[in-house]
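Student: My questions will all concern the structure given below.
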Amino acid sequence: MKGVTEITGKKPVNMSGGLISKGEPIGASHLGQIVELVWQLKGKAGKRQVSNAKVALGHVLGGGGNCAVTILKK
């Protein structure tokens, strides 16, 4: 299923480049994801905008097994 996770694909993934593109800031990783998800749902993500975004999911696994999952819906 080539292209399925691209910006125009059926299930776009990491439009902002993912956590590694941000240097994996300790303690701020999931917050950065939430900001991107909100921008996507509001249609304010600029060149990274997924058209007609309605649901967004962010997840992070940190040191010591800490985990966070957030699902936002328009």
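Student: Can you pull out every residue in the range 16-47 that is at pLDDT 75 or above and outside any helix (DSSP H, G or I)?
Tutor: SER16, GLY17, GLY18, ALA28, GLY43, LYS44, ALA45
Student: Could you check the range 42-58 and list, in sequence order, the residues that are closer than 14 Å to SER16 by Cα and in contact with a strand residue (DSSP E or B) (Cβ under 7 Å, 6 or more places away or on another chain)?
Tutor: Scanning the range 42-58 gives ALA56, LEU57, GLY58.
Student: Now for a different question. Taking the range 55-74, which residues are over 15 Å from the mean Cα position of the chain (by Cα) and among the hydrophobic types (A, V, I, L, M, F, W, C)?
Tutor: CYS67
Student: List every residue pair whose Cβ atoms lie under 7 Å apart, where the two residues are 6 or more positions apart in sequence or sit on different chains, the first residue falls within the range 42-70 and is closer than 17 Å to GLU6 by Cβ and open to solvent by less than 90 Å² (accessible area, probe 1.4 Å), and the second residue, located anywhere, is of a type in the set (A, V, I, L, M) and part of a strand (DSSP E or B).
Tutor: ALA56/LEU72
Student: Can I ask one more? Of everything in the range 17-41, what is over 15 Å from LEU72 (Cβ atoms), surrounded by 16 or more Cβ atoms within 10 Å (Cβ to Cβ) and among the polar types (S, T, N, Q)? Give them in sequence order.
Tutor: Within the range 17-41, SER29 is the sole residue that qualifies.
Student: Of the residues that sit in the range 1-15 and are open to solvent by less than 60 Å² (accessible area, probe 1.4 Å) and within 21 Å of ALA68 (Cβ to Cβ), which one is modelled with the highest pLDDT?
Tutor: The extreme case among them is PRO12.
The values are calculated or read from the model by the stated rules, or taken from the named source; none is laboratory data. Only a predicted model underlies this, so the values are computations on that prediction, with no experimental measurement involved. Neighbour counts are summed over all protein chains in view; Cβ atoms, including those assigned to glycine, are modelled from backbone coordinates with ideal geometry. The protein model used for the area step is the full one, side chains on, heavy atoms only, and it has no ligands, DNA or RNA in it. Shrake-Rupley method; radii C 1.70, N 1.55, O 1.52, S 1.80 Å.
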